[in-house]
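Undergrad: There's a structure below that I have some questions on.
The values are calculated or read from the model by the stated rules, or taken from the named source; none is laboratory data. Since this is a predicted model, take the numbers as computed values, not measurements. All Cβ positions, even for glycine, are placed from backbone atoms using ideal geometry, and neighbour counts span all protein chains on display.
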Amino acid sequence: MADIYAYITHRNGVADDSALELIVAAKKIDAGATVTAIVTGSGSELDQVAEAVAATYPKVMKYGNEALAYPNAEAVRKLLVDVLPADAVILVPHDTFGMDLSPGLSIKLDSAFVSDVVDIEGVEGGTLKVIRQEYSGMVSTHVACDVSKGAVVNVRPGSFAPDESQSAGGSVEDKSGDVGDLSCGRRFLEVVEAEVGDVDITKSDVLVSVGRGIEDEENIEIAQELADAMGAVVSCSRPIVDAKWLEKSRQVGTSGQTVKPKVYMACGISGSFQHMGGIKGSPFIVAINKNVKAPIFQVADIGIEADILDFLPELTEAINDL
Amino acid sequence: MEILVCVKRVPDTAENEIEVNGSGTDIERDDLVYSVNEWDNYAVEEAIQIRDKVGGSVTVVTVGDDEAEEVLRREMAMGADNGILLTDDAFEGSDGKGTATLLKAAVEKGKYDLILTGAQADDGAGQVGGMLAAMLDYPYASLVNKIEVDGDKLKVGREIEGGNQEMNEISLPCVLSIQTGINEPRYVGIRGIRKVASVDIPELSAGDLGVDAATVGEAGAKVKRLDYFVPELGEGAEMLEGSTEEIIAKLIEHLKAKGGLK
């Protein structure tokens, strides 16, 4: 088996949680592999991250350069193509950076790419067998990937239990001298912070959250009436914001808000991993959906098979009658 | 600006329950309603809006069989000027790299300033745009939710974690993958589709594209689906049963116990 590398993403001098997960994924590819962490960035933040990651990885390669201060995937790709050995297997978190980086990286390395992996079964004869999901998690597939010429493997954040042992005692090697030309046709300008909306859904203990099942803008009122009866706030999944029926600040998910309520009412929400990624703190989840196969029923505590357009008004009335 | 938008025909998850077939070799495709991939629809709308602002043309391209032609016509009814169908038995079973190889060949047969794809598809891996850009040596940005034309450059916003937006300057020609929500795709009526029903859509085969058939399709694929299955449910939700009144009574007890009612 070729060498295995893990690309570490970080922000404000702190490694992302995925750093602790990628090493577990790597060991599922090859339990005996020495897994090398690659950390790119600049200045003291980079040094902090590299040191911290050495507690998890036996070997850390650190690449510092002003051009890497913000993780521009185009520049990072150039670096990785220069420094990775032929046939390397590299694991990358499947987040908005990994989605930007990895497909093109696999082309430039002339290796295979497998995206959004949720589990790994192992390698046999140069073939890596993994599990992916399709159709928003409604079905899963086993996927075979020819890794004989290397591979870029994007791993879904949260899919592997983190290695929190902090016992690797690894060493950091400063490879900044190897950084070559990073010029590219895309230049990072700035990050525009999300707008603050009229309601802060992150502060509410109870959320009545609506998804596609609400079907029409005027039906949002049904959810609002239930929320009023419960003393809750209305939040939503991505399609509702795409349709402009609610403000972006009401969206729960990796591309929206991260919420920590006590009770989460998922109404007509299928439960994609991007949506569930925005729900932390193990709330009590009630799923109401007319599609009994919706993935939300796998993660909810209580499930109700019903059309929310019929069910929510009846529930509201019953609560108001208490 | 000459714009190429890569689109795909997929089962419509809003219209279908996706189930695994009896032998686990595929999803149940009988009676599935297909439509254009949702993300691609936003990409086509964005291309039309850019063309209407700065001039030029919009071409839509897809890899598929005769049925894939209907999504090209749908996008032409929206306002795309031209369609191209890449079709050959040798293309079947292509992985992401195979599809990107075909699209690259199609790009090189024309002259495009901007190439758009959807950021992902429900049955895909969000990979073709990034691969195509790397093959063409064009700059790339994914998950784009804002485009401003500024001479021979674009200012593009990428959707990143937490609802934040990463702004970049990118030089043309380039490839962008488009995130949903960037615009509001226009409605296409049956009359619009009739209008383009007889427009000629050129078909290009492996030979026309000058693509070695061994590098695409099943033969060239490094990544292959082995089967489909429904994942073990783990614990799963406790399903409340009974009449609506009974279900509501049980639910209210749960909500009271968990602090869900004020």
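Undergrad: Looking only at strands (runs of 3 or more DSSP E) that fall completely inside the stretch A:171-288, which ones have 3 or more residues that are facing another protein chain (nearest Cβ under 7 Å)?
TA: A:186-192
Undergrad: Only one of A:165, A:148 is within 27 Å of the chain's Cα centre (by Cα) and either among the acidic types (Asp, Glu) or farther than 30 Å from residue B:170 by Cβ (or both). Can you tell me which?
TA: A:165
Undergrad: Out of the residues in the stretch B:146-182 that are within 7 Å of chain A (Cβ to nearest Cβ) and in contact (Cβ under 8 Å) with a residue 40 or more places away in the chain, state the one that is farthest from residue A:100 (Cα to Cα).
TA: Taking the candidates together, the pick is B:181.
Conditions (1) of a type in the set (A, V, I, L, M); (2) part of a helix (DSSP H, G or I); (3) out of contact with any helix residue (DSSP H, G or I) (no Cβ under 7 Å at 6 or more places or on another chain), marked per residue:
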position	(1), (2), (3)
A:23	yes, yes, yes
A:28	no, yes, yes
A:32	no, no, yes
A:40	no, no, no
A:62	no, no, no
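Undergrad: Further question: Determine if the stretch A:123-144 includes at least one residue that is in a strand (DSSP E or B) and either out of contact with any strand residue (DSSP E or B) (no Cβ under 7 Å at 6 or more places or on another chain) or not assigned by TED's automatic domain parsing to the domain that holds residue A:73 (or both).
TA: Yes, because at least one residue in the stretch A:123-144 is in a strand (DSSP E or B) and either out of contact with any strand residue (DSSP E or B) (no Cβ under 7 Å at 6 or more places or on another chain) or not assigned by TED's automatic domain parsing to the domain that holds residue A:73 (or both).
Undergrad: Sticking with this structure for a sec: If I filter the stretch A:107-135 down to residues being modelled with pLDDT of 95 or more and at the interface with chain B (Cβ under 7 Å from one of its Cβ atoms), which single residue comes out as surrounded by the fewest Cβ atoms within 10 Å (Cβ to Cβ)?
TA: Residue satisfying both the conditions and the ranking: A:108.
Undergrad: Regarding residue B:245, is this residue assigned to a helix (DSSP H, G or I), farther than 30 Å from residue B:145 by Cα and under 23 Å from the mean Cα position of the chain (by Cα)?
TA: For residue B:245, the condition - assigned to a helix (DSSP H, G or I), farther than 30 Å from residue B:145 by Cα and under 23 Å from the mean Cα position of the chain (by Cα) - is not met.
Undergrad: In the stretch A:299-322, which residue that is facing chain B (nearest Cβ under 7 Å) and in contact (Cβ under 8 Å) with a residue 60 or more places away in the chain is nearest to residue B:261 (Cα to Cα)?
TA: That would be A:319.
Undergrad: Related question: Count, please, the residues in the stretch A:29-83 that happen to be of a type in the set (Asp, Glu) and buried (at least 19 other Cβ atoms within 10 Å of the Cβ).
TA: 1
Undergrad: Another question, if that's okay. Residue pairs, Cβ under 7 Å, 6 or more apart or interchain, first in the stretch B:243-258 and farther than 12 Å from residue A:306 by Cβ and within 7 Å of chain A (Cβ to nearest Cβ), second outside any loop (DSSP other than H, G, I, E, B) and of a type in the set (A, V, I, L, M). List them.
TA: Filtered contacts from the stretch B:243-258: B:252/A:318; B:252/A:319; B:254/A:302; B:255/A:263; B:258/A:263.
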